[in-house]
1. Cβ-Cβ below 7 Å, separation at least six or inter-chain, first residue in region 4-29 and basic (Lys, Arg) and surrounded by 13 or more Cβ atoms within 10 Å (Cβ to Cβ), second at pLDDT 90 or above and in a loop (DSSP other than H, G, I, E, B): which pairs?
2. Within region 84-100, take every residue that is out of contact with any Leu (no Cβ under 6 Å at 6 or more places or on another chain) and assigned to a helix (DSSP H, G or I) and give me the one that is surrounded by the most Cβ atoms within 10 Å (Cβ to Cβ).
3. For region 31-48, state whether one or more residues are modelled with pLDDT under 95, of a type in the set (S, T, N, Q) and within 17 Å of Val74 (Cβ to Cβ).
4. For region 21-59, which residues satisfy the criterion of being part of a helix (DSSP H, G or I), of a type in the set (A, V, I, L, M), farther than 19 Å from Pro98 by Cα and under 16 Å from the mean Cα position of the chain (by Cα)?
5. Under 6 Å between Cβ atoms, at least 6 apart or on separate chains: pull out the pairs that start in region 73-100 with a residue that is in contact (Cβ under 8 Å) with a residue 12 or more places away in the chain and within 20 Å of Leu45 (Cβ to Cβ) and end on any residue that is open to solvent by less than 30 Å² (accessible area, probe 1.4 Å) and of a type in the set (S, T, N, Q).
6. Taking the condition of a type in the set (Ser, Thr, Tyr), more than 21 Å from Thr17 (Cα to Cα), surrounded by fewer than 17 Cβ atoms within 10 Å (Cβ to Cβ) and free of Cβ contacts under 8 Å to residues at least 60 places away in the same chain, does Thr37 pass?
7. For Thr54, indicate whether it is out of contact with any strand residue (DSSP E or B) (no Cβ under 9 Å at 6 or more places or on another chain), in contact (Cβ under 8 Å) with a residue 60 or more places away in the chain and farther than 15 Å from Ala95 by Cα.
8. Which residues, taken from region 60-69, are assigned to a helix (DSSP H, G or I) and open to solvent by 40 Å² or more (accessible area, probe 1.4 Å)?
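The values are calculated or read from the model by the stated rules, or taken from the named source; none is laboratory data. The structure presented is a predicted model; accordingly, all values stated were derived computationally and were not measured. Positions of Cβ are backbone-derived with ideal geometry, glycine not excepted, and every protein chain shown enters the neighbour counts. Areas reflect the complete protein model, heavy atoms only, side chains present, ligands, DNA and RNA absent. Shrake-Rupley method; radii C 1.70, N 1.55, O 1.52, S 1.80 Å.
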Amino acid sequence: SPRETAPSAAAKPQLVTLLDPKTANNSAIAISRFKMTHKQIADALTEGEFDAFTAEQLAALLNILPSAEDVELVRAYDGARDVLGKAEQFVLTIAEVPRY
């Protein structure tokens with residue numbers, strides 16, 4: 001049966017959150033409204049594809065851009081990237097955009 005092959009909840013790795021909880025939560029909410037992956041957002045910015053965003057999305061993006069301290073904090077994490085929270089993964093991806 002499908003239940004026997006499904007991994008148990010206990011087997012799921014714990015998410016690692018490094019950012020302030022309020023910042024992480026606000027960022028995760030804003031990011032989810034883009035309907036794009038972190039990489040798609042970063043690629044559109046890198047390529048200058050600003051028509052990929054609405055004015056509201058650009059304003060939201062400006063509000064959630066990570067501080068230099070947040071980038072440094074997340075980059076210092078040396079564990080598995082896939083267990084990081086959504087906001088932390090966004091910080092790592094957006095930090096790769098030149099002159100973000």
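1. none
2. Out of the qualifying residues, it is Val91.
3. No, region 31-48 contains no residue that is modelled with pLDDT under 95, of a type in the set (S, T, N, Q) and within 17 Å of Val74 (Cβ to Cβ).
4. If the condition is that a residue be part of a helix (DSSP H, G or I), of a type in the set (A, V, I, L, M), farther than 19 Å from Pro98 by Cα and under 16 Å from the mean Cα position of the chain (by Cα), then Ala24, Ala28, Ile29, Ala30, Ile31 are the ones that fit.
5. As it stands, the answer is Ala87/Ser27, since those pairs meet every condition given.
6. In short, no.
7. no
8. Leu62, Asn63, Ala68, Glu69
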